[in-house]
Structures are given as structure tokens and as C-alpha cells.
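Have a look at the structure below, then the notes.
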Amino acid sequence: MDLYMMNCELLATCSALGYLEGDVYHKEPDCLESVKDLIRYLRYEDETRDVRQQLGAAQILQNDLLPIITQYPQDKLLFDAVIRLMVNLTQPALLCFGKVPHDPSSRHCFLQVVSYLQAYKEAFACEKVFGNLSEKLYDLLQLDWEQRQEEDNLLIERILLLVRNVLHVPADPEEEKSVDDDASTHDRVLWAVHISGMDDLLKFLASAPAEQQWGLHVLEIVSLMLRDQDPEQLAAVGQARPAKEQAADVRDLELLRQRELAERKSRAFQRGSRHSRFGGSYVVQGLKSLGDRDLVFHKGLHNLKHYSHDLGKEPRRVPKRRQPAPETELHRRSALNVRLFLRDFCGDFLESCYNRLMYLVKDQLLRERGQQHDETYYLWAVAFFMAFNRSRCFRPELVSETVSVRTFHLIEQNLTAYYEAMLLDKKEATSWARRMHLALKAYRELLTTVQEMDRSPDEAVRDSSKIIKNNIFYLMEYRELFLTLFRKFDASRQPRSFLRDLVETTHLFLKMLEAFCRGRSSLVVQSKRVRRRRKQQSRAHQAAPTAQPPGPQELQELWPGLQDQLNACAQGAEPLPEDMVPFDAASETPVEEQRAQAMVRIQDSLLGGQAAAALTLLRSAREVWPEGAVFGSPQAAVEEETQLLKEILFAPLPRCLGHAGPATPEVEEEEEEEEEEEEELEAVQVSEKEFSFLDYLKRFANVSVVKAYILLLRSYRQNSAHTNHCVAKMLHRIAYDLKMEALLFQLSVFCLFDRLISDPSAAAYKELVTFAKYILGKFFALVATNKKAYVELLFWKSTATAREMTEGYSLLEEGDSSRPHRAPKWTRQEEEELRELFLKYKGVEGADIVGSILPHLQVPSRTRKQVIKQLVQLGLAESARDFRRERKGTRIVLWTEEQEMELQRLFEEFRGADDILGSIMRHLTAKRSKARVVEKLLSLGLVAERKELYKKRKQKPGLPGVSEDSSPVGAAGPEEESDSEEEEEEEAAWEEGSAGGRAAEGRQEQHGESRAALEQDVQGLARCLRQGGLAGPLLWLQNCLNRAADDREEDGTAQPTPLVPLSEENENAMEDEGFQQLLRKVGARAPANEQESFWRLPAKLSPKQLRQAAASMAGEEGTAGGPEQRARALQSLQLARRKRAALAEVETPQLQQPPASPGTEPERDQLGHAWPGPKRNRAVLSDDDENPESQAVAPALPSPDPDLDPDADTDTDSDWDGEGAPAPHPRKRLRIEEEEED
């Protein structure tokens, strides 16, 4: 840009800065204001960045700004303003424009700004400039954190940003045209940074705990400093070259020499003894020209070898979107002094800064404190410094922060995110591919470091490597990562270097995984399976095209037939369907809209000639919507219903797209034949399975993977020896280990093999040449048996096609393939057989006709859909809907009046039974679910709540039978089955009458001694625990047992109840062995596995057993309450007996009371006065809510042993609220105490 084309105001502002006279800069008095004006101008520049271009053309930074900061560093305000302006001027062009412009004018402006930035970078290659910046930064860092102002922190950040911007400027390859070991502009800037001491300040910022906020800035600057360096070459600077590298160089030189000699030899053969004019013409037999004749060749025979029909043709132009992605990484060797400085810098950075800085950066990335894409600097640092550490002198402790499973997980997450973004963001796919390449490099370096740790002499390092490999190989994400990257590789977006790194990383991963599996007999890994639940939506429910409604004349002709059907229904000659439901409670459609839809459905049934269905729908809709008599009054006669249906038929009802009129049989057939739409809902199911390396390797036998490897093999001359080895190894695994060599039978692959074998330097690629000859030998051996293999060369093949090609084309016909096939045609004999079977099973009432036909067909592979379709084609059925399968639970929804009367009658009949609901279900005519029956009983008001329908438990006379080794309360053990059998026998005997009662009494006497012994054991354990200071936990356990008994008695059901100790005393008692022995005696169950933390009361323990256990634990202390409490307990006992006798007279007067054992109740009362025994808590039902006596003498007690606290007057678990106020329950449970003998 011409200087005279500058804006006048901008030119005047630049002139007011000052002037340079020799090496001395003289600033003007308005220099500071002029710098601020330039910052203001840059803020309001247009999209072409005109102000930036004009300042760059005028070289303001080189001639004014840099001299100001070098000669006036003491002027703080001016220095701050100039740094702020330079940060703005040197910011990257990509940041100024947002993206690389595509139109020519904007792209020209973009390139112009880049050229000015490159000129700025040359000006910054000055030791004096970086010296002043380092001194200012050093002075600021010397200030303590309390002494720093906000302006100081801003200046530190701006200096770091300025250094970042200068290092970020790309090199100009046209201007610099330098070879390796020559100092470029970037090298000179790095040397100025080193001389000024800026590198030491960067290391201080990375390692100082108080300066951790600058971590991302430092990491970005370090990455820009080392962007052109190769870590392995940088680590070897100044050291003698190892013999391995020298041998590699000798091999490369020998390879070049062989190629040169071969070219020389071929040129010598091409020179003829005579002039080419007399070379003659030749007819090439077997090679056709453009016509049908043989080709006539007019050149020498030595040129015939390279002849092709494509000679002379213009190469086909490749579209821009399909062109290979350009290479972005360029490595060059800097000057020796710069490389030595960078080597020392990297060594110091690893020892003092790396682990801390990487921890801080990762923490900021996880907390999302950085800017967008800042994680790329983290990925670069992982790849570079771990490779540098491995190549220099491997010390795992220097990179311990990034050698972890968490780092693997972080890199894998970023790699997957970049991969998905590349597929979605088409415009920025190249940028996402570069970021993905960075993540892949970091992943490869992590794997290489783990492999290096396996060779460490330190056993702890090897163990750490083994743990990391266990985690990596166990998780499915790490194993599937490479397969995903190969299958989605796109050469137009991802460069060849990405494919090379991907191939080498995959080779390393497979090598480590194979070695890991080789040393183990079995390896269990995680497997994730995506289960797709398919929600089918038939196309029949989609909106059908609206048809013309029938006219009044057609309706008049249709009505007489419908009226005859309605009369037949009224007389009972034609049954009414029972599966017509007008209302869907689960639908989101409002009730009013469903009512309108029900009216439309009635009209559709009438138009379809289904009068019985219309009548059933009308009556069902009347029950659902009785208000307003829209569907007639509930007492409507048949004539009124017929007239109402006629009005509905002739009414112009509004229709939506979902109701387009009745479907014709032809449309129904088409809808039945159409495929159903499937909505897939994915659910990931995680499981474990035994890992097989060969099965995992089979996943790589894919055409996408093979194409990627062949693409890299095409550039075998440019590849390194290691890259070619990785390609050959994978192809060898596919062809030899998996026996899938047919995947490589492709014409382009054979052309590549031909070029490889005929290469003059083929001796250098011995491994590739051997493999190529092996594949060609396999192909020609196959050609001897399969002549079609020549045609197969034209196509890439899948694994199924390759197997078919090698093993025979009849595999698909024999059913070995999973491809779908067309149904076989029906022969005339099969049609006759189908017709006979249909007529045979047509008359069977209620049978599934198609289900009966399928087992008798001669061709067993026929499906239900094929049979139905053939029946319709033969005219044996009108539509496929005639053979619909009956679905359970959808036939009967609404209750008829007769069914309701039957339900009421059954309820009154079985009202006194133990299992009311079960008896009703057994005798109900129309089979329904229990939930439907319970809901109907509640809606009819026959029961008030569901608990009244629960199955009642029978009262057994005495304790249940318990074996000798089990607890007195039926603890879980090996005798559970015998106990339950004895209880069942006891129940059966009790139902039989007094004889059964005597049998139960005999069994009780038989086990009386064992029960008494076990109760004595419980009492003895409780006594020992009380003496050991565990009286409090014993009282808590008794309370838990009684509370669990109350809950189970109230709910009517039992669930395992955990014993949760809330106090420290109870928690310590649960760990005591004696207390745990007591828990086992009373029937509690220890935690079954590591997922359970508390002991539990099993569900099989009845409330009576729980109370017996609590009473047994009370022991002798339970009877030490004095005569007053015994008298109160006696009164409660008498009250409970009166109420129990009243209940027995009302509910079960016919039930014979069994004889009590060991004596009558009065006898036990007398015994209770004479011999105080253990107390037992019982619960009885009280119907007398207003009995003041019961309120006074039978309060609910707070614990199973109230004698321990005689002054207690409140209970949190009782049914009383306040002072003497009864709870609002109609039937409350009153806890009483019963004295009985030991």
C-alpha cells in the first residue's frame, strides 16, 4: 500500500509520535495521546482491516514503537500504552478476520496483513527489545502478590501476549528459502529470547506456586518456541549418533544409489544403434486398438513395456473437494546453537516445571477456565515432552503427571469429540482434523511410554505399566477407537501424515495387546452392547388422503341394510363385539377431542357396514360420557338408539387427517403389506466377556481398513522403514492369520504389487516384495478353480463376498449368509394344500386359523405373513385383518350391567372368606386382571380401601413348629423348608377342625423342649450382654423387633427390615461377637454381600415371632416392674380378651376354638400372679374408639419393656395424639402386655 494513500488523520497521528534521528528517537510532547488515538483507530477499523494495513505499510512498529520501548522504558504510562498497541498490531491475521477468506479481495487483504506480521517478526529479532521486555517483566514479578496492582497484572499478561503473537507469526517459505542448520527468522527470535533471559522467566512462571494463573500463557509460548522441532532429534543434539541411526542413513544412501544405477541402465538400453526414424513398426498381437484390429506400435521395442492406452490423454481433473489434504507439519533443523539452547531448555522444563504445569493446565481445562481449543496446547505438550524424555534418558518420574489412566481418558474423549465435530462441521473439517491429529500423537506417545516402562529395570515402574495396561485393555472405548478412525478416514480432510501416525499407533496397540494376552490363559474385558428397542408404528395409522364423503342418496341406500343389522342385534341373532373402546386414558388427546373422535368412529363403522360395532361403540361412549346425553340417555330403548345412529350417519361431522373415512379392503391389503416404520431407542448394556485377540483382529478385516492401508502403501518410497513394516504386518495379519487374502484381490492392489516388484530398489523392500508374491500366488492358485476371480478383481470385496469367492458361490443359496431373500413362489400343489387346510380349520370356533395351518405346511419356512397374503390372493379371505391375533388384556375393558351384578353377588358370597379377591377371581365369568377387579370394587363402594381385600392370616393355636437347630422365631437356616412344611400341615389341620387342632397341639408339645431350650439360650445371652454393659443396645433391639412386628401387622405384608444403628453405642454393639450371636438366635440375617451394610430381619418372620423374640430377650428384668404394673397389664389382658371374644362372635361364629395349651387363659392369669415370667407384647384390633377405659388402661408403650422407664408418659410410635385424644383411625391397634409362664 502506498504511503501517500494513508488517511489524513491517521498520517497526522503517526507524525505526532516523534522521529528517529540516527539511532536516537525523539518523541513528541503528544506521543502518549497519539498512541491512544492509534488504539482507538484500530478499534473502529472495517472488515478489510484498513487501519492495520496502513500502519503496516508505514512501518510504524519498526520505526516508532520499538525505539520508544527501548529508549523510554522508564516512562510507565507510555510504555504500557505502546505495549498495548503492539499487542493489537501483532495479533494473528486469522484472529483479525475470523477465518481465511474465500473471495479474492478479502483474501488479498488477509495475505497483506500476514506479510506485515512477518515484517514485524523480523524487527523483533533484536536482543535489545526482548532485553527491555525481560527487565520490565522481571521487575513486575519481583513484587509480592499484595503489592501488585491491577495494572501490573495487565502489563504482565500483555507482555506474555506480545511474545506469543511474535512467535505465532508463520514463516514465509518464499523469502526464507533456507536449508537445514541455517538460522531462520524464527531462530533469530528464539536466540534473542534466550539472550535476554526471557526463557528463564518463562520457567519461573511455570514452576512458581504464586504464578499459576499464567500457566496456559506459558504453555502456549513454549509450544510456539518448539513448533518446528522434532523431539527425538532435539534430544540427540550434541551427542554421538547411535549405530542404529548411522545404519539407517547408510541404508537410505544405498537405496538412492541403486535407484540411480537402475535409471542409468534403463536409459542406456533405450538408446538404439540407429536413428529412431528407422525403428520400424510392429503389430502387437492380443492387444486391441480402438477398433477390432490388433495394435500397431510405431516405436522401438524397448518402449513397448511402458505402453498404455492412457498415453497422450489429459489427466482427469480432480474436484477441489476431493483433492488430498495438504500437509501442515513441517520439521526443519535449526541452527546448532539454537538447538543446543532448546535442548537445555526442554531438559530444565521437564525437571522443574512439567508435572506441575500440566497438572494446573489440566485442572483449568476441566473447570473450563481457558479459552476455546486451549486443550490443543496440552495435547502437544504431552506428545512432545514425553517423546523428548523417552529419547534423551527415560525417567518416568519426570512425566508422572501425564502417565496415568486419567490422561488416557482425557485424550480419548478429545479425540472422539474432534472426530464427531469433523463429521458434523463440514466447513471447518480441516481444522478439526488437525486437532484430531494432535490428539492421536499424544495417544501414541502415551502408548510408547507405557511400552518403555515395561522394559524398565525398576519393578515398581513395571507394575505401574501393568496397571495402566489392565485399565486400557479392559475398557471397550480404547479398543474400538482405532477401528472407528480407520472406517471414517477421509483423505480429502485428513493428511497423509495422519494416516501414517494412525497406522503406527494401531501397530503399537495391537503389539502390546497381543503380548498382554499371550501371558494369560484368559482375559476378561468390558463389553458394551447397544440394544435398540424398536417402537413399531404401522403406516396404517398415518394420515390417509381424504376421500369424498358419500352423498345423501348413497346414505339413503345404505341405511336399510344397517337397520336390518340393528334389528338382528336387538333380537340377539347377531352377537355384539366386546372389544370396542371409545376412550384411551393414557392418550395425551383431551377428553373433548376424544369424544368427537368417538362420534366419528361410530359414523365410520356405519359407513363400513358394521352396524353391530357402531351400536357397541355408542353404548360404550354413553357410559364414558353420560353428561349432556350426547350419546343418548342411559335408559334409551333400541328404537331410540337406532334413530340416534341414523342421525349420526347423516350428520356432516368434522374430520381431521387421522379420520379420513372407512378403509376399503384393497387399501387394507396394501397397508398390511407395507413395511412398518421402526423408531429405534438405543440403550447401552454393559457386561463382561472373555477376550479373544483373534476375534478382535477380525474387526480389522474390513474393506475401509484395507483401503486405508493400501493408500499409505502407495507412497512406500516416501515412507520410513518402520511405516512400511507396520503396513506389511497388518496386511499379513489379515491375509495369513485370518485367511482373508481375498480382500486384497483387487486390480489397483495388483498394479501396486507389480510396481513394487519391478522397482530397481526392490531389495530394500524385501518384506513388502515377499508379501506381494504371497498374495499373487494365492490368487493364481484360486484362478485354477474359479475363473470368475478375474472379474472379481475389478471390485473391492466385503468379508462375505471374499469368503464366497474362495469357498464357493453356493454358500448364499445354502443359507450360510445373512442376506435377506425373496420368499419362494407358491406351487400349484402348495396352493391346493393351503386351500384344504383353510377349509379344515375355518369351522373351528375361537381357533387361530393361520396358527393352525403353519405346522401342517410342507414348506416349513413359510411365515405367517406369507400365508395370509396367499389366502387373500386366493380369494379365501377379504383382507389380512381377518386374521388378526388376539392380544391379551384388550378384549374386555368396560363392565356391563350383568357383569357388575355378578361381581356384587360374588362379593357378598365370599365376603367372610379368608381370600376374598382370590375367590372372586376363580368364580368370575369374564376373566379380568386383579387390578381391574379391585378398581371396580372400589368404584362400586363395596370396599373402602384395598387392605380389606388382602388375604387374611389364620391364627394358629400356639407357636409355629421350629426345628431343633433353628431359632424360636424361625431364623433363616437349612431347616427353612421343613419349618414351612410343618406350618402348612398345621394350617391344613386347623382348617379340618378339632382333630387338626389336636394334631397341631401334639406337634407343639413335641418341640416344646427345644423351644424352651432356645429361649433359655436367648435369655442367657441377653443376661451376659447386660452384664457386659450392653443394656442400651439390647433395649434398642427389642424396640426394633416390636416396631417391625407392628409395621408388618398393620401393612399385612412383610419386607426385609434393616437394623440401622444410629448411635455410636449401638453401632459398636453391632460389631460385638456376642451381640451378633444374639442376632442370629433371634433370626436376624447378616449382610449377604458387600453391597449390604446392615443386619436385616427376614420377611418370613411373623409379628408373633418377632414379639416372642423381644420377650425372650427381656429376661428376668422384664418382670421387675412391681405389682402396680402387673395389675395394669392384667386389666389390659382382660380388655383384650373381651374384644377378641366379640370379634370371634361377629366374624367367625362357626369356627371352633381349639383347646389352649398348656392350659386355659384363667389358669395362665393365675400363674402370672404366682410365677412372674417373661412378658410378651401383643396387638389386638379395637373397634371401640370411644371406650374411655381402653384409653386409660391400654396406652401404646414406647418400648417392648415399659417397666424400664415407669415415668414415661409419651410414645412417638403410638396411635394417640395429645393427651388422651384418639388417633383418627377407625380401627386402631392397642398394645397390651400378657403375663405367661416361662
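The values are calculated or read from the model by the stated rules, or taken from the named source; none is laboratory data. Just so it is clear, the structure is predicted and the values come from calculations on it, not from any experiment. All Cβ positions, glycine included, derive from the backbone under ideal geometry; neighbour counts span all protein chains shown. What goes into the accessible areas is simple: the full protein's heavy atoms, side chains included, and nothing from ligands, DNA or RNA. Shrake-Rupley method; radii C 1.70, N 1.55, O 1.52, S 1.80 Å.
How high is the FRET efficiency between Ala568 and Asp914 when r is their beta carbon distance and R₀ equals 60 Å, given to the nearest 0.05?
Numbers: r = 47 Å, r/R0 = 0.78.
So the FRET efficiency works out to roughly 0.80.
Near Phe297, the amide H atoms lying under 5 Å from its own belong to Tyr282, Val283, Val284; only residues 5 or more places off or on other chains count, and H is placed 1.01 Å from N.
Within the shell of other residues whose beta carbon sits under 9 angstrom from the beta carbon of Asp759, the net charge comes to +3, with Lys and Arg scored +1 and Asp and Glu -1. As a calculated quantity, the FRET efficiency between Arg369 and Thr430 at R0 = 30 Å, using C-beta atoms, amounts to about 0.60. How would the stretch 209-266 be classified by its alpha-carbon gyration tensor: rounded, prolate or oblate, with rounded meaning a/c under 1.5 and the a/b versus b/c comparison settling the rest? Prolate, since a/c reaches 1.5 and a/b exceeds b/c.
Taken per residue, the accessible surface of the stretch 105-190 reaches 50 Å², heavy atoms only and a 1.4 Å probe.
Taking Cα centroids, how far is the stretch 203-264 from the stretch 474-520 in Å? The two parts, judged by their Cα centres, are 24 Å apart.
Arrange the peptides 517-523, 787-793 so that the one whose residues have, on average, the most other Cβ atoms within 10 Å appears first. Before the final figure, lay out the partial values.
Numbers: 517-523: 10.1, 787-793: 13.0.
Top to bottom by mean Cβ count within 10 Å: 787-793, 517-523.
Can you send over the carbon and sulfur percentage of the accessible area for the stretch 1-88, probe radius 1.4 Å, protein chains only?
Working: 2330 of 4550 Å².
Of the solvent-accessible surface of the stretch 1-88, carbon and sulfur hold 51 percent.
A cut-off under 12 angstrom between Cβ atoms defines the neighbours of Arg733, and their net charge, with Lys, Arg +1 and Asp, Glu -1, is +2. In this simple spin-label model, placing a label point 7 Å from the Cα along the Cα-to-Cβ direction at both Leu558 and Glu9 gives a separation of 8.1 nm.
Cα centroid separation, the stretch 409-460 to the stretch 50-68: 42 Å. Quick one: with all protein chains in place, what share of the accessible area of the stretch 135-218 is carbon or sulfur, to the nearest percent (1.4 Å probe)? Accessible surface attributable to carbon and sulfur in the stretch 135-218 totals 48 percent. Residue ranges 115-127, 829-841 sort as 115-127, 829-841 when ordered by packing (mean number of other C-beta atoms within 10 Å per residue, highest first).
In this label model, Lys766 and Leu874 are separated by 7.4 nm, measuring between points 7 Å along each Cα→Cβ vector.
Leaving out ligands, DNA and RNA, and with a 1.4 Å probe, what % of the accessible surface on the stretch 749-791 is carbon or sulfur?
Values: 1510 of 2350 Å².
Using a 1.4 Å probe with all protein chains present, the stretch 749-791 comes out at 64 percent carbon and sulfur.
Annotation: per residue accessible area for the stretch 1019-1068 equals 50 Å², rounded to a whole number [probe 1.4 Å, protein chains only].
Give me the net charge of Ala421's neighbourhood, meaning all other residues with Cβ under 9 Å from the Cβ of Ala421; Lys, Arg count +1, Asp, Glu -1. Don't jump to the answer; show the numbers that get you there.
Details: positive: Arg435; negative: Glu420, Asp425, Glu428.
The answer is -2.
In this structure, Ser266 and Phe750 have a Cβ-Cβ separation that, at R0 = 30 Å, corresponds to a calculated FRET efficiency of about 0.85.
Highest mean first, what order results for 1103-1113, 616-626 on Cβ atoms within 10 Å? Working shown, then result.
Working: 1103-1113: 26.0, 616-626: 19.5.
Top to bottom by mean Cβ count within 10 Å: 1103-1113, 616-626.
Taking the Cα centre of each part, how many Å lie between the stretch 318-349 and the stretch 1066-1109? About 70 Å separates the Cα centre of the stretch 318-349 from the one of the stretch 1066-1109.
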